[in-house]
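Structure record follows, encoded as structure tokens.
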């Protein structure tokens, strides 16, 4: 299964990922990006997560597909 | 690094046509990765025109956004004076990230969604007044300018009874007939107002940006009341003129292509893609993203030395044929958010989710309430902001 990894140094919690894949990403009120899964991405959300990875303005997201 | 710059092409270069970057950008892009240009103060800077290179400059830690550094490229002297300890736009890491993380929860897609009913009400109110007064009407003055100003009121939690005061000052500050003295006094009055508002809310935290900053970071001793007032001013400066000009340029990009306008109006699924194309093609923030190399770096195979000024050009990147086929075409079906109008990297626009929501609500509402909207002038006669830092139009005459 594909996995998404967040680089916590690069992430500024802008929430562009959240707007593209709301089932996977959420920026909390404390300004931290939270993954709503344990990092595993099912097929249903894969396209949205690909868009989020490509759209991240700080290149903080990586998708590992096997 | 004293050097003669008189032979270099001068910069900025005005656009020949409103929806195209200056033709010089294409020549520079073809002739080399970087082009040395002469800034208004006579100093040299590297102009960056290729999409991949602009992204590289905006995301490398070797290029600073801190305009107080000696050698930083300045395009004009009249830079709005914001206090430096609040102005994220010009801060480097780690300070930038620290403050930005305090603000970002207020600008997430989820948070913006909760603002939609209020934005709709603001858009409807502005349109009510425009429709009562015309046709004809100036859409820029009656819709584009008031909407983002009132949305910022909402965001900051400016009490409703103060909206008229807030709006008259913010619009006055953007008016070209405003003198330097009037501008300075408006800025001062606004700052005093915001600081008084922050102090008043301090006893009684509210569900808005100011309230949240007071409740969290201020209570923890991480920011002062002055800084919160500074952040409020920053949100206004960054979110008002940009959004206003994008509403007008976006409207114009529809009105100049009636067949596409009609297709989008009839199929709202095309609207998100159309908004990204409005942002990409009009590229109003072309001149906003300036940098200074703080170490020796390599951009597109060209060495840039520490201390050299860099001008990454958003309009050149957005119109790079290597990144977009037929880049001059407004093509909603591209469905790409990859344009650099909101910048890129750590400094990419904090308000981009909010700006997208404002644009979407404005156009949905225009489609529903003014389906026969048309331009009431020749596009070539419109007064474009040829020498502004943010591109746009001073007036947008429409009829219906």
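Could you tell me which numbered condition residue A:37 fails, if it satisfies all but one of (1) more than 10 Å from chain B (Cβ to nearest Cβ); (2) under 19 Å from residue B:100 (Cβ atoms); (3) within 11 Å of the chain's Cα centre (by Cα)?
(2)
Would you tally the residues in segment A:23-55 being in a loop (DSSP other than H, G, I, E, B) and either surrounded by fewer than 17 Cβ atoms within 10 Å (Cβ to Cβ) or at pLDDT 90 or above (or both)?
Qualifying residue count, segment A:23-55: 11.
Is it true that some residue in segment B:243-257 is assigned to a loop (DSSP other than H, G, I, E, B), within 25 Å of residue B:389 (Cα to Cα) and in contact with a strand residue (DSSP E or B) (Cβ under 8 Å, 6 or more places away or on another chain)?
Yes, segment B:243-257 has at least one match.
Within segment B:108-125, how many residues are out of contact with any strand residue (DSSP E or B) (no Cβ under 9 Å at 6 or more places or on another chain) and under 21 Å from residue A:22 (Cα atoms)?
Result for segment B:108-125: 6.
Considering (1) crowded, with 21+ Cβ neighbours inside 10 Å; (2) within 30 Å of residue B:322 (Cα to Cα), say which one residue B:52 fails and leave the rest.
Going through (1) crowded, with 21+ Cβ neighbours inside 10 Å; (2) within 30 Å of residue B:322 (Cα to Cα) one by one, residue B:52 breaks only (1).
Only one of these conditions is not met by residue B:333: (1) under 27 Å from residue B:106 (Cβ atoms); (2) more than 14 Å from every other protein chain (Cβ to nearest Cβ); (3) at pLDDT below 95; (4) part of a helix (DSSP H, G or I). Which number is it?
(1)
Can you tell which of B:310, B:361 is buried (at least 18 other Cβ atoms within 10 Å of the Cβ) and part of a strand (DSSP E or B)?
Criteria check complete, one pass: B:310.
From (1) within 19 Å of the chain's Cα centre (by Cα); (2) exposed (fewer than 15 other Cβ atoms within 10 Å of the Cβ); (3) farther than 20 Å from residue B:241 by Cβ, pick out the condition that doesn't hold for residue B:325.
(1)
Determine which single condition residue A:10 fails, assuming it passes every other condition in (1) more than 9 Å from chain B (Cβ to nearest Cβ); (2) over 21 Å from residue B:336 (Cβ atoms); (3) touching a residue at least 40 places away in the same chain (Cβ under 8 Å).
Against the list (1) more than 9 Å from chain B (Cβ to nearest Cβ); (2) over 21 Å from residue B:336 (Cβ atoms); (3) touching a residue at least 40 places away in the same chain (Cβ under 8 Å), residue A:10 comes up short only on (1).
Out of segment B:97-125, which residues are buried (at least 21 other Cβ atoms within 10 Å of the Cβ) and more than 14 Å from chain A (Cβ to nearest Cβ)?
Those that are buried (at least 21 other Cβ atoms within 10 Å of the Cβ) and more than 14 Å from chain A (Cβ to nearest Cβ): B:119, B:122, B:123.
Can you say whether residue B:291 is under 21 Å from residue B:87 (Cα atoms), in contact with a helix residue (DSSP H, G or I) (Cβ under 8 Å, 6 or more places away or on another chain), more than 14 Å from every other protein chain (Cβ to nearest Cβ) and in contact (Cβ under 8 Å) with a residue 60 or more places away in the chain, as far as the supplied structure shows?
yes
Give the residue, chosen from B:286, B:298, that is at negative phi, outside any helix (DSSP H, G or I) and surrounded by fewer than 18 Cβ atoms within 10 Å (Cβ to Cβ).
So the residue among B:286, B:298 that is at negative phi, outside any helix (DSSP H, G or I) and surrounded by fewer than 18 Cβ atoms within 10 Å (Cβ to Cβ) is B:298.
State yes or no: is residue A:60 closer than 24 Å to residue B:355 by Cβ, in contact with a helix residue (DSSP H, G or I) (Cβ under 6 Å, 6 or more places away or on another chain), within 14 Å of chain B (Cβ to nearest Cβ) and surrounded by 14 or more Cβ atoms within 10 Å (Cβ to Cβ)?
no
State all residues of segment B:215-230 that are away from every other protein chain (no Cβ under 14 Å) and either under 14 Å from residue B:85 (Cβ atoms) or not in a loop (DSSP other than H, G, I, E, B) (or both); if no residue qualifies, say none.
B:218, B:224, B:225, B:226, B:227, B:228, B:229, B:230
The values are calculated or read from the model by the stated rules, or taken from the named source; none is laboratory data. On a predicted model such as this, the values are computed, not experimentally measured, just so you know. FYI the Cβ positions are ideal-geometry reconstructions off the backbone, even for glycines, and counts take in every protein chain you see.
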